[in-house]
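Some notes on the structure that comes next.
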Amino acid sequence: MKIKALIALVGIFFGYFCLPLQQSLAQTNSDFTDSHAVLQRTIKRPKLKNYSAQIEALLKKMTVEEKVGQMTQLELGQIVSGGDSNITLDQAKLDKAIIEYKVGSILNVAGHALPVEKWWEIIGAIQNASAKTRLKIPNIYGIDSIHGANYVKGATLFPQEIGMAATWNPILMQKGSEITAMETRAAAIPWTFSPVLDAGRQPLWARFWETFGEDPYLIKVMGVAFVRGVEGNDVSNDKFVASSLKHYVGYGFPFSGRDRTTALIPENVLREYHLPQFKAAVDAGARTVMVNSAEINGVPGHINKYLLTDVLKNEFGFDGFIVSDWEDIIKLVTQWKVAKDEKEATMMAINAGIDMSMVPYKLSFTENLIALVKEKKVSMTRIDDAVRRILRVKFELGLFENPMPNPSVKQNFGKPEYVQASLEAARESLVLLKNESNALPLAKNKKVLVTGPTADSLISLNNGWTWVWQGSEKSLYPTNKLTIQQAIKAKLGERNVKFVQGTELIQPPGTTAINTTPTMFDREVDVDKAVSEAKNSDVVVLCLGEGSYTETPGNLTDLTLSETQLKFAEKIIATGKPVVLVMVEGRPRIINRIADKVSGILLALNPSNEGGRAIADVLFGDYNPNGKLPFTYPRHPHNYLTYDHKLFEVEET
């Protein structure tokens, strides 16, 4: 009886003190479910106009060369001279690509983000050249609007997808995507290569932060919200753009953790954790899909006919078009070595279901595919299917009627209310991981030291795909946005806040080479000064984490935070002053050496340009943190594997 009574008492004790947490979790789930229900009721796949008659009539007029041209996508550098803001259109190159080779799509940016007017100049020239072709088929221009129109100078940026996932707020996701679409179209660009629907189940992966986390249901809900936000109910409207689901499928689960490497995914796992979000986004109306650059179970994504044609097109009913990723048909020869030459690789990829090749540097794809058709190694039926899909998206975007949007769309760029939406998203994305003895919020009348490598960095708050591919060019970031230390000073006043760098992150140059060797590293700057200032402060806000990276340059073999940062943290902690740790990162860096020694931990998952303000608001009690983890945060280096417990399992305590 005594034992039973004791157990009952313990149960009452834990029940009483855990009740607020249980209520909080219940409310979280309820809020998310309610938001999803509202989303499903209010934004379903729109009924787009049927252009079948126009498409079939146009197909009958097209030559093989014109059809293959529509399936060809080149990068911007192939039609311009110079780079960055100094690019100029090269008329000879433009005419060769568009008029001679009938190229149907151009993508990318030459160096870094361009102003709205420069985009209008470039895309206007491309569409003018397209209008001079025999059938006057408009071009479709694509760009990576990943967390805002990040290749348009002055655009509004939002938290990266992993940060948006931490909001668990699909309505907020839709709102941000609508703004992204408006600012992308304001630059005359009708197509974005987003959202990323890869399941982030390998935290070593350098593109982990581009995902909505590990859970397929969360990814599905946020992905649908993203698609409906960018495409709207009428994708031909000048406020919306076509989406591209990527990277179909399994790219986010590399066995080794390194970018563009092998994934080993059994069929049941593929269908339970990796395919549902793509099916949901297809059902929501996504117009294009981009392919996994790696391989699944020994089959490169670009020749996986089962996944591309049997599943995506036939089973899921996808009626848009499939575009390859960067140079990935050529990589069937150079990297995967499954084809003897580019011509054979082209045959394999197109027959598997690829509709458009992001070549992106050469016109050999066009020549090879024309030859393959004439040799009957690629059927005209397969070519017509691909072109039909491409033309359908161009018609649905309204490009045949208006290749360029109405100039009035420029008024949809840079509105003041967009900044508030970005700040709202940044606040909701912050996750409070630890708050020992109510260390937070911090009192505003205390002497505060702000230190650490991410304390004064907009680069860390944003990460890759920010003005340049790697997000690494400090000079391109806006001067009117506040870093963490600047935001805290703005809130408390210069007199109450000291900033000492302590350590810093050295960023690699902003390169466009996919296989760049990673060169980001940490170094000590003024550690002794930081320690001295900590001793003279009431509290320390210690900002650690990562710089910017994506794809191969971001490869890691160990998630453990760098030794430079950990040693610096230990020296600050050794002063005996209360320390609140702010982790600014895109993937869960392991901090078990210091996690138990600090009073509070706030996780900032690349909250973007308004992140500094949002972090200051949370630290000093002007916003109550409500973000939730969208992934499992490993405590130890060998806890990387995301394991899904089955209902019949009993978890040991």
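Using the basic label-point model (7 angstrom from Cα toward the beta carbon), what is the Thr88 to Ile506 distance in nanometres?
3.8 nm
With a Förster radius of 45 Å, plug the Cβ-Cβ distance of Lys415 and Lys96 into 1/(1 + (r/R0)^6) and report the FRET value to the nearest 0.05.
Numbers: r = 39 Å, r/R0 = 0.88.
With a Förster radius of 45 Å, E is 0.70.
Counting heavy atoms of the protein chains only and a 1.4 Å probe, report the per residue accessible area for the chain as a whole number of Å².
About 39 Å² of surface per residue is accessible.
Below 14 angstrom from the Cβ of Ser85, what's the summed charge of the other residues (Lys, Arg +1; Asp, Glu -1)?
On the way: positive: Lys118, Lys153; negative: Asp84, Glu117, Glu121, Glu473.
Computed value for this residue: -2.
With a cap of 14 neighbouring Cβ atoms within 10 Å, and only residues DSSP puts in a loop, list the chymotrypsin sites (Phe, Trp or Tyr not before Pro) found in the stretch 156-263.
Phe255
Within 10 Å, count the other beta carbons around each residue, average over each peptide in 316-327, 633-644, and list them highest first. Don't jump to the answer; show the numbers that get you there.
Details: 316-327: 21.4, 633-644: 12.8.
Most protected by this proxy first, the peptides run 316-327, 633-644.
Between Asp384 and Thr261, what is the FRET efficiency for a Förster distance of 45 Å, r being their Cβ-Cβ separation, to the nearest 0.05? All intermediate terms of the calculation are to be shown ahead of the outcome.
Numbers: r = 35 Å, r/R0 = 0.78.
The value I calculate is 0.80.
Leaving ligands, DNA and RNA out of it, report the carbon-plus-sulfur percent of the accessible area of the stretch 230-315 at a 1.4 Å probe. Don't jump to the answer; show the numbers that get you there.
On the way: 1410 of 2650 Å².
C and S fraction of accessible area: 53 percent.
Please report how far the C-alpha centroid of the stretch 456-501 lies from that of the stretch 570-594, rounded to the nearest whole angstrom.
The stretch 456-501 and the stretch 570-594 have Cα centres separated by 19 Å.
State the Cα centre-to-centre distance between the stretch 281-330 and the stretch 604-653 in whole Å.
Result: 31 Å between the Cα centres.
Distance check, please: which entries in Lys246/Lys313; Lys246/Lys628; Lys434/Lys498; Lys447/Lys628 exceed 18 angstrom between their Cα atoms? Mind dumping the intermediate values first?
Numbers: Lys246/Lys313 15 Å; Lys246/Lys628 24 Å; Lys434/Lys498 24 Å; Lys447/Lys628 30 Å.
Result: Lys246/Lys628; Lys434/Lys498; Lys447/Lys628 exceed 18 Å.
To the nearest Å, what is the center-to-center distance of the stretch 530-556 and the stretch 174-248, using C-alpha atoms only?
Using only Cα atoms to place each centre, the spacing works out to 30 Å.
Name the residue from Thr575, Pro403, Ile459 whose Cα lies farthest towards the positive end of the charge dipole of the chain, charges +1 on Cβ of Lys and Arg and -1 on Cβ of Asp and Glu.
Working it through, the farthest residue towards the positive pole turns out to be Pro403.
Could you compute the net charge surrounding Lys118? Neighbours are other residues with a C-beta less than 13 Å from the C-beta of Lys118; K and R count +1, D and E count -1. Show your work: numbers first, answer last.
Details: positive: Lys153, Lys410; negative: Asp84, Glu117, Glu121.
Cβ neighbours under 13 Å give a net charge of -1.
Measuring from label point to label point, each 7 Å out along Cα→Cβ, what is the Asn480 to Leu59 span in nm?
It is 5.0 nm.
Rounded to the nearest 20 debye, what is the charge dipole size of the chain about its Cα centre when +1 sits on each Lys and Arg Cβ and -1 on each Asp and Glu Cβ? Please report the intermediate quantities before stating the final value.
Working: 73 positive and 72 negative charges, 134 e Å.
Dipole magnitude for the chain comes out near 640 debye.
What shape does the stretch 264-305 take by its C-alpha gyration tensor, where a ≥ b ≥ c are the square roots of the eigenvalues and a/c under 1.5 counts as rounded, a/b above b/c as prolate, and the rest as oblate? Before the final figure, lay out the partial values.
Working: a/c = 3.12, a/b = 1.35, b/c = 2.32.
Oblate is the answer for the stretch 264-305, as a/c is 1.5 or above yet b/c matches or exceeds a/b.
Out of the DSSP beta bridges found with both residues in the chain, what percent are antiparallel (nearest 5)? Mind showing how you got there, number by number?
Working: 14 of 55 bridges.
Counting only bridges with both partners in the chain, antiparallel ones make up about 25 percent.
How high is the FRET efficiency between Ala490 and Glu649 when r is their beta carbon distance and R₀ equals 60 Å, given to the nearest 0.05? Can you show the working numbers first?
Details: r = 50 Å, r/R0 = 0.83.
For R0 = 60 Å, the calculated efficiency reads 0.75.
The values are calculated or read from the model by the stated rules, or taken from the named source; none is laboratory data. Since the structure is predicted, the reported quantities are computational estimates derived from the model, not experimental observations. Ideal geometry is used to build each Cβ from the backbone, glycine not excepted, and the neighbour counts take in all protein chains shown. For the accessible areas, the whole protein counts, side chains as well, though only heavy atoms, and no ligand, DNA or RNA atoms are used. Shrake-Rupley method; radii C 1.70, N 1.55, O 1.52, S 1.80 Å.
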